[in-house]
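Peer 1: Can you keep this structure in mind? I'll have questions shortly.
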Amino acid sequence: MNTAAPRIRLQLPADAAWAGLVQASAEQAGRVFGLDPAKSLRLVHCAEELLLFLASAETGEVEATLRPVATGVEVGFSFASAGVDLSALNLASDPGAGGEDGDWTSLPLLLASRMTDGFRVGLDGRRMEIVLRVDKAYPAPELLPAERLRPQGRPVLAEAGDAGALFEACSAIAGLYPAHVAPEWCLSPGRTADLVRAGELSAIEARDAGGRLCGIIFWRMRSERSVTFFGPYDFTGDGSMAGELVEALLRAVGRTSARNVFSSLATQPLADHGFELLAELPYLLADSPEPVVHPVWGRMLQEDFGAAAWTHEGFADFLRDRYDALELLRDLRPVRDLGEAVQAGSVLGARLTPGLSEVFLHPELNGADIGDNIARHVSTLASAGYRNIFFEIDLAKGWHAAMGGHLIRCGFRPELLLPLGGQSDTLIFRHAAES
């Protein structure tokens, strides 16, 4: 039996004359894949604007794909890049900034990006791919009342996947824990259930003899070789479930390909479970006069036999110190300016969590303006009130490491190293302007 996810694929010229076909396909995809009428209309507009942009860029033949994902629908266009400028995708982009002489040819791409809930850009040789995502509209139900309990009998731990159980867990987390350690998707239990159903998020729950929920821990694959987790969330009065949830997590991820496990939102110290404290990140929150510290814990699951990592002189000493402290063998390869040509416009991705006043930036596409682009993003985000701005790079990619000088000039400082957190090690910078 074929269990592949359904999708619509179109091979067509990048020509405005084909906009009607793309619109009709997007409308049908939105309806079949579960979007409400308003969200389906956004998907239709995204697909149309993407085609109009590529037509103006004269990209030739394109392949359009519409497919369902855990929380909504993606529309993607693949084409021969030929130096197409995608900088209008940037959060800080303003094609009309130059007045009448502004770059209005990229307006369709700007409009498409502003109607989406996320995007990614891929470049393989000369083949470019733009993928935009439109999420379903999730209701915000009134959460259940929550109180700490005394377990009856010995609680049983098992995988959690039922939507009702996840609604119960989200309610308990919101009611019993500070907002800054509750994952943003917990505010939408329907979204949480969809992520678990699709396998993008996993959960282990504990229930006592009476079937009452005593605690839960969530985790997901960060990369092919690393796991990140949220919790443990212990709903008992004596904190008796936290340790068992952590041990259950370690047993579960030990059966995966992961070699490392890291905390994303940790609710307690984890040294007793073999974790090391990797960093303590101070968060500036609107409702707190003092920074709230987010500790990041990590643990190796398998022996690390060494790897190669690109580095820049601006953060080379930080890397050496961290590798020594973690007793990891790395072949550090310094990046050098080889004078190679890059396209003019760069693209940065942004993952925003307004409740934490947090944003994580990451490079999507290299460009000659990368330094100015980083600075524009910092200015735009700071003006919007974001106080915790991070930048994440993958040390498997030389062009990521080469951004070190730009990052430091823009006020970023290396803060956290996640071994094998991406294709290779992940290095996370924090903008230090308000520290």
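The values are calculated or read from the model by the stated rules, or taken from the named source; none is laboratory data. Model, not experiment: these values are computed from the prediction. Heads up, the Cβs are rebuilt from the backbone with ideal geometry, glycines too, and the neighbour counts pull from every protein chain shown.
Peer 1: Taking segment 405-423 on its own, how many of its residues are under 15 Å from Ser346 (Cβ atoms), buried (at least 18 other Cβ atoms within 10 Å of the Cβ) and not aliphatic (A, V, I, L, M)?
Peer 2: Total satisfying the criteria: 2.
Peer 1: Let me ask something else. Filter segment 138-160 down to the residues that are among the small types (Gly, Ala, Ser) and surrounded by 14 or more Cβ atoms within 10 Å (Cβ to Cβ) and list them by number.
Peer 2: Result: Ala146, Ala160.
For (1) in a helix (DSSP H, G or I); (2) touching a Lys or Arg at 6+ places or on another chain (Cβ under 9 Å), each residue gets a yes or a no:
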| position | (1), (2) |
| --- | --- |
| His377 | yes, no |
| Ala396 | no, no |
| Leu417 | no, yes |
| Ile428 | no, no |
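Peer 1: Among (1) assigned to a loop (DSSP other than H, G, I, E, B); (2) in the same structural domain as Met241 (by TED's automatic domain parsing); (3) touching a residue at least 60 places away in the same chain (Cβ under 8 Å), which single condition is Ala172 missing?
Peer 2: (1)
Peer 1: Can you name the residue in segment 169-190 that is touching a strand residue (DSSP E or B) at 6+ places or on another chain (Cβ under 8 Å) and surrounded by 21 or more Cβ atoms within 10 Å (Cβ to Cβ) and, of all such residues, is farthest from Thr256 (Cα to Cα)?
Peer 2: That would be Ala172.
Peer 1: Tell me, which residue of segment 234-255 that is assigned to a helix (DSSP H, G or I) and not hydrophobic (A, V, I, L, M, F, W, C) is surrounded by the most Cβ atoms within 10 Å (Cβ to Cβ)?
Peer 2: This residue is Glu244.
Peer 1: Failed condition for Ala432, given (1) at pLDDT 95 or above; (2) over 25 Å from Val261 (Cα atoms); (3) out of contact with any His (no Cβ under 9 Å at 6 or more places or on another chain), with all others met?
Peer 2: The number of the failed condition is (1).
Peer 1: Quick one: which of Gly60, Gly83 is over 26 Å from the mean Cα position of the chain (by Cα), within 17 Å of Gly122 (Cα to Cα), surrounded by fewer than 19 Cβ atoms within 10 Å (Cβ to Cβ) and modelled with pLDDT under 95?
Peer 2: Just a single option satisfies the conditions, and that option is Gly83.
Peer 1: Could you list, in sequence order, the residues of segment 200-233 that are farther than 30 Å from Gly306 by Cα and not in a strand (DSSP E or B)?
Peer 2: Across segment 200-233, the qualifying residues are Asp208, Ala209, Gly210, Gly211, Arg212.
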